[in-house]
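A.B. asks: Quick one: structure below, then a few questions.
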Amino acid sequence: MVKDPQARIVDKKNWKSYFSLSLESPRIAAQAQSGQFIMVRVSAHTQPLLRRPFSIHSKSEKTVEIFFQITGLGTELLSQKKPEDSLDILGPLGKGFEAGKNLKGKDIALVGGGRGIAPLYFLSQKLRSYGATARIFYGGKSQEDLPLKEKFEKEGFDLHWSTDDGSSGFKGFVSDLFKTELEKYTPDRIFACGPELMMKKISLIAQEKNIPAEFSLESVMGCGFGACWGCVRRIKRDNREEWVKICEEGPVFSGNDIIWEEGDE
Ligand SMILES: Cc1cc2nc3c(=O)[nH]c(=O)nc-3n(C[C@H](O)[C@H](O)[C@H](O)COP(=O)(O)OP(=O)(O)OC[C@H]3O[C@@H](n4cnc5c(N)ncnc54)[C@H](O)[C@@H]3O)c2cc1C
Ligand code: FES
């Protein structure tokens, strides 16, 4: 883990309530794996006190990029940062997706809901470099919630998208779109990130079809590196349930190990 108190913002993009920031941090970039995250101090003042976690959206030799949606004070303050400002960041943190050269030639489905698409862009780049085919399933409430659609399209990914209100693409949840597509093909593996109930549905589909699947879980995080126990959740380990720190042992877990929250989409 690297603490970089002066990561300079070298690029900023904005689509309504969504933003991306590229941060110059060569040491974090050198170690970053897809599915890992960074903790960002969003304010020099005491409000909000705690750093906020963000997945690594992409990286270059010298930079790491985050992609986020405004959901509260911290993300609001972060959205106001300008190019040339510096941010205090920690990372890379956590365990990412199990995606290596063994996936060469495999057909991989990446399913992202809303801001959950963030880590899947980095993953899609990795999979491509390993010679795997990545098909992207991207869902949002409305067309405004699909700001990365063009980015995936431009790079020639096989992209399928949905909106809950039908303003663009398949009308309905991305889990329903995915289920429909699975009538035509069977991926070798599924990686997903998004709202808990969306991932729960994808996990059930994966279990039904016997497809290995991994999910990036969210949890409110105090520290991001195992010190505060603020992120614990029950996870299956060797046929038992245990309290596990999402920041250290995750955020990515196998679908077989996750105990999903109650409720329907
Ligand atoms: C490992 C990890 C990676 C993440 N990656 C991204 C990302 O790439 N892009 C992105 O937009 N967001 C991401 N998040 C979620 C992001 O950290 C929260 O949206 C952010 O911390 C909210 O801060 P805030 O001060 O704006 O909102 P707050 O004022 O703190 O909260 C506003 C609302 O968001 C909820 N909330 C706060 N923190 C979280 C959280 N960690 N998870 C779920 N809900 C939360 C609160 O319960 C509340 O309802 C990630 C979270 C985790 C744990
Ligand atoms: S966030 Fe502090 S232990 Fe996980």
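The numbers here are math on the coordinates, done by the rules we state, and not lab data. Please read all numbers here as calculations on a predicted model, not as lab measurements. No Cβ is skipped: glycine too gets one built from the backbone with ideal geometry, and neighbour counts run over all protein chains shown.
A.B. asks: Taking θ as phi - 60°, what are the ³J(HN,Hα) couplings along the range 173-186 by the Karplus curve (6.51, -1.76, 1.60), each to the nearest whole Hz, with x for Gly and Pro?
C.D. replies: For the range 173-186, the Karplus curve yields 6, 5, 5, 6, 4, 4, 4, 4, 5, 6, 6, 9, 7, 10 Hz.
A.B. asks: Another one. Tell me, how many Å apart are the Cα centres for the range 214-237 and for the range 62-110?
C.D. replies: 17
A.B. asks: If you rank Tyr121, Tyr130 by fewest surrounding Cβ atoms within 10 Å, what's the result?
C.D. replies: Least to most surrounded, the residues fall as Tyr130, Tyr121.
A.B. asks: Still on this structure, please answer the following. If you take all C-alpha pairs in the chain, what percent of them are over 36 Å apart?
C.D. replies: 9
A.B. asks: For the chain, what is the calculated [θ] at 222 nm in deg cm²/dmol (nearest 500), taking -39500 (n - 2.57) for each run of four or more DSSP H residues and dividing by its residue count?
C.D. replies: Value at 222 nm, helices only, nearest 500: -6000 deg cm²/dmol.
A.B. asks: Shifting gears a bit: Using only the alpha carbons of the range 101-257, what is the convex hull's orientation-averaged projected area in square nanometres?
C.D. replies: Projected over every direction and averaged, the Cα hull of the range 101-257 covers 9.8 nm².
A.B. asks: For a Förster distance of 22 Å, can you work out the FRET efficiency between the beta-carbons of Val232 and Ser254, rounded to the nearest 0.05?
C.D. replies: Efficiency, rounded to the nearest 0.05: 0.75.
A.B. asks: Less than 15 Å from a label point 7 Å out along the Cα-to-Cβ axis of Lys141: which backbone N atoms in the range 49-70 qualify, by residue?
C.D. replies: Within reach of a label on Lys141: 69-70.
A.B. asks: Would you mind checking the range 118-138 for residues with the amide N under 19 Å from a putative spin-label position 7 Å along Cα→C-beta of Thr180?
C.D. replies: Flagged as within label range: 135-138.
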